[in-house]
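Structure, as structure tokens:
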Amino acid sequence: MTDIIALAESAKKAMENSHSPYSGFRVGAALLCEDGTVYTGCNIENASYSATCCAERTAFFKAVSDGKLNFTDLAVCGVKDGELEGTFCPPCGVCRQVMREFCRDNFKIHLVSAAGIKTLTLAELLPLSFGPENLNG
């Protein structure tokens with residue numbers, strides 16, 4: 001199993017591929033599958049803004065498109081025009097909802113900064129969430 005430090009380093013490396021010419025805000029994510037596979041993603045901006053895809057969703061969509069559906073951890077970090085600082089970069093609401101589609105309440109999200117790593121569960125990050133079971137029963 002990949003340790004959290006290695007997952008955080010993968011997220012930091014993923015930031016290098018960010019396409020963020022409009023905001024200058026680079027984000028990287030690393031998603032750990034139950035089988036040990038890691039998928040990375042970066043944010044990809046678009047001039048029309050709404051067509052932008054966040055790093056977290058990029059990682060999830062890459063994994064799901066490869067047939068992976070079971071996940072345990074996600075590391076996320078972001079920087080504005082520079083080096084990693086002491087502030088954390090939590091996932092946006094849309095990314096949280098995508099996580100909710102594929103993950104259980106105990107899924108761990110590791111927010112990475114120069115100050116360290118803060119770990120939250122999906123239930124903590126998205127309380128009273130709406131998920132597939134709301135439609136099925």
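The values are calculated or read from the model by the stated rules, or taken from the named source; none is laboratory data. Note that the structure is predicted; figures quoted are calculated from it, not measured. Neighbour counts are summed over all protein chains in view; Cβ atoms, including those assigned to glycine, are modelled from backbone coordinates with ideal geometry.
Matching residues to (1) under 19 Å from I4 (Cβ atoms); (2) assigned to a loop (DSSP other than H, G, I, E, B); (3) of a type in the set (F, W, Y):
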site	(1), (2), (3)
L31	yes, no, no
Y39	yes, no, yes
Y49	no, yes, yes
V64	no, no, no
L74	yes, no, no
V79	no, no, no
P91	yes, yes, no
K118	yes, no, no
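Tell me which residues, restricted to the range 102-128, are out of contact with any Leu (no Cβ under 8 Å at 6 or more places or on another chain) and either surrounded by 14 or more Cβ atoms within 10 Å (Cβ to Cβ) or closer than 15 Å to A11 by Cα (or both).
Answer for the range 102-128, where residues must be out of contact with any Leu (no Cβ under 8 Å at 6 or more places or on another chain) and either surrounded by 14 or more Cβ atoms within 10 Å (Cβ to Cβ) or closer than 15 Å to A11 by Cα (or both): G116, T121, L122, A123, L125, L126.
Of all the residues in the range 13-29, those that are buried (at least 17 other Cβ atoms within 10 Å of the Cβ), farther than 11 Å from T58 by Cβ and not hydroxyl-bearing (S, T, Y) number 2.
Being over 19 Å from P132 (Cβ atoms), among the acidic types (D, E), without any contact (Cβ under 8 Å) to a residue 60 or more places away in the chain and out of contact with any Ser or Thr (no Cβ under 8 Å at 6 or more places or on another chain) is a property that does not hold for E101. Filtering the range 49-90 to residues that are within 16 Å of A115 (Cβ to Cβ) and free of Cβ contacts under 8 Å to residues at least 24 places away in the same chain leaves only G82. Exactly one residue out of Y39, Y22 is more than 15 Å from F107 (Cβ to Cβ), without any contact (Cβ under 8 Å) to a residue 60 or more places away in the chain and aromatic (F, W, Y), and it is Y22. If the condition is being surrounded by fewer than 17 Cβ atoms within 10 Å (Cβ to Cβ), at pLDDT 95 or above and not hydrophobic (A, V, I, L, M, F, W, C), then the range 53-95 contributes K62, S65, D66, G67, N70, P90, G93.
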